[in-house]
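Engineer: Mind looking over this structure? Questions follow.
Each reported figure results from applying straightforward, stated rules to the coordinates on display, with no laboratory input. Only a predicted model underlies this, so the values are computations on that prediction, with no experimental measurement involved. So basically every Cβ, Gly included, is an ideal-geometry build from the backbone, and we count neighbours across all protein chains shown.
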Amino acid sequence: MNKPNTMKNFFVRLSLLVFILTTSVNAQYTEVINSNRPGLSYSAFSVGRNVVQGELGLFYEKLKHSTQNTEQKQFGFDFAVRYGLLLEQLEIIWDGSFAFEKYINNAVIPSSTEKRNNFLRHTLGAKYLVYDPFKKNRDSINIRSWKANHGLKWKNLIPAVSVYAGAHFNFGDNPFAPNDPTVSPKVMVATQSHLLPRLVFVTNIMYDKITADDPVFRYVLTLTHTFYDLKHSMFIEHQGIKSDAYADGLFRGGAARLITKDFQVDAFLGINVKNTPSRIFGGIGASYRLDYHTDKVNDKRKRVDIKNVNPFDEEYNALDTLPKKERKRLRKQMRKEGFKTNDSIKNPFDLDETDEEENLTKAEKKQKRKQEIEERKQILDSLNQAFEEKREIQTQEILEREEETGGFFEDVDESKLSKKQLKELRKARKERAKQEERALKEEARRIKQEEKELLELQKEEEERLMREQEVEDQFFDDVKEDKPKKKKKKKKKKESEQDPIEEF
């Protein structure tokens, strides 16, 4: 059954309209590889200008149709080549999936087997980032609060949005898509939200094979979590498919490992929710990029951006949390290194246009800018080092004070501590709790041992008393038995003493 032409025309016009109305935005080039694997969703951000990235994987899938009594076993490979063309936000994508299949029909006797191979999908298109919520308002690092840097921010729920337009190519006599035209359009909208610093939610809504007899509507929802080491990540994904010939829901899960900043390996498993056919699949893969990315620097725009702005104000004012003597010493050191507050200078690096700068050549200006940037980095590094040293001293003082008082660090204001200090503080609390728990267990063990010894002594005392009682009873019994005998002896003796007299 063919879809109405009005629906096809609507999606074609929509894709063209979106591309015409797009405006210039900043893409998010990343220092490490940004791969779409191992899931099937497209990231909203591009790989970056002049970056070439390849993604390749092997997969195995088993399909079993309960009503048709057929089985399919597929082994194949997925591939994608991505290139950042001309602009930071523009990306060209060539991707596809090629399968070798063994088709078994058990509905006939004897069962028949057929081997076939071709592309399951083969597309070429372009993706463009049309909206970046962080284009102008990227959050600066809050050196006073770990929670402020890592907590949920409602504005992060606003997603970055990109659009994709391309075509699906069907070459030769394809047994997997016998009725599809050679070329059919494909359009998509991709969004990406950074819910937390290490939690990303991606959605794709696409309309594929628009001019074919059986166009396909798909959506993909992907949730990715990166672990603390920033090298391991895991994902869960749901994909929905809807067409006249086939509809299904698939679930995937997997993990990825960053080997270097330009190389990643991955693995995944997945199932579907129906048995016409039932599907079980899995695979492994890798991604690699050739990073030729360079940033365009507009000197005039740079001057405008930093004019009347002192990048050190946050660090300078943050010294208020330190003791008075230490604060004075650090601020004096900062002033010696060339630091001045906004009250005394509008541009701390003298980047305003002057007569001297106008006489410099382009190469000399570029060299001067590099030197100024290096000086600023050195000052920032020295400030960070000073803060770290002071934080370590404060942490040690807190731990020593609490160790002496035996407290549980309840009077410490955690909002003024750095992430490292909080970690050490929590570690000290756990250690103190463990020590007290061990002491309580030892005390309980000692009390139990004393009770046991007391019971043993009591038992021994009772046994001793019983033995003494037995001895005493035996003694009295013997005495009672001996007393009549003595009386008889005395009587006999008296009689013997009286007999001679009587005889006389």
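Engineer: Give the calculated FRET efficiency between K420 and Q378 to the nearest 0.05, with a Förster radius of 30 Å applied to their Cβ-Cβ distance. List each step's numbers first, then the result.
Structural biologist: On the way: r = 23 Å, r/R0 = 0.75.
It comes to 0.85.
Engineer: May I ask for the net charge around S66, where only other residues with Cβ less than 13 Å from the Cβ of S66 are counted and Lys, Arg are +1 while Asp, Glu are -1?
Structural biologist: Result for the neighbourhood of S66: +2.
Engineer: Figure the gain on full extension for K459 and L221 (residue separation times 0.36 nm, minus the Cα-Cα span) and round it to one decimal in nm.
Structural biologist: Stretched out fully, the K459 to L221 stretch lengthens by 78.3 nm.
Engineer: If I take all pairs of Cα atoms in region 202-249, what percentage of them are more than 13 Å from each other?
Structural biologist: Tail fraction, whole percent: 64.
Engineer: Once phi is turned into θ = phi - 60°, what whole-Hz ³J(HN,Hα) does the Karplus curve with 6.51, -1.76 and 1.60 give for every residue of region 458-472, x standing for Gly and Pro?
Structural biologist: Running phi through 6.51 cos²θ - 1.76 cosθ + 1.60 with θ = phi - 60° gives 4, 5, 4, 5, 5, 5, 4, 4, 5, 5, 4, 5, 5, 4, 5 Hz.
Engineer: Using all alpha carbons of region 29-82, what is the percent of pairwise distances in each 5 Å bin, ordered from the shortest bin to the longest?
Structural biologist: Percent of pairs per bin, in order: 4, 14, 21, 16, 12, 10, 8, 6, 5, 2, 0.
Engineer: Using the basic label-point model (7 angstrom from Cα toward the beta carbon), what is the E397 to K441 distance in nanometres?
Structural biologist: In this crude label model, E397 to K441 measures out at 3.6 nm.
Engineer: Between region 84-128 and region 253-294, what is the C-alpha centre distance in whole Å?
Structural biologist: With region 84-128 and region 253-294 each reduced to a Cα centre, they are spaced 16 Å.
Engineer: Also, quick follow-up: Order 46-58, 223-235 from most to least packed using the mean count of other Cβ atoms within 10 Å.
Structural biologist: Going by the mean number of other Cβ atoms within 10 Å, highest first, we get 46-58, 223-235.
Engineer: If each of V52 and T361 carries a label point 7 Å out from its Cα toward its Cβ, how far apart are those two points in nm?
Structural biologist: Distance between the two pseudo-spin positions: 3.3 nm.
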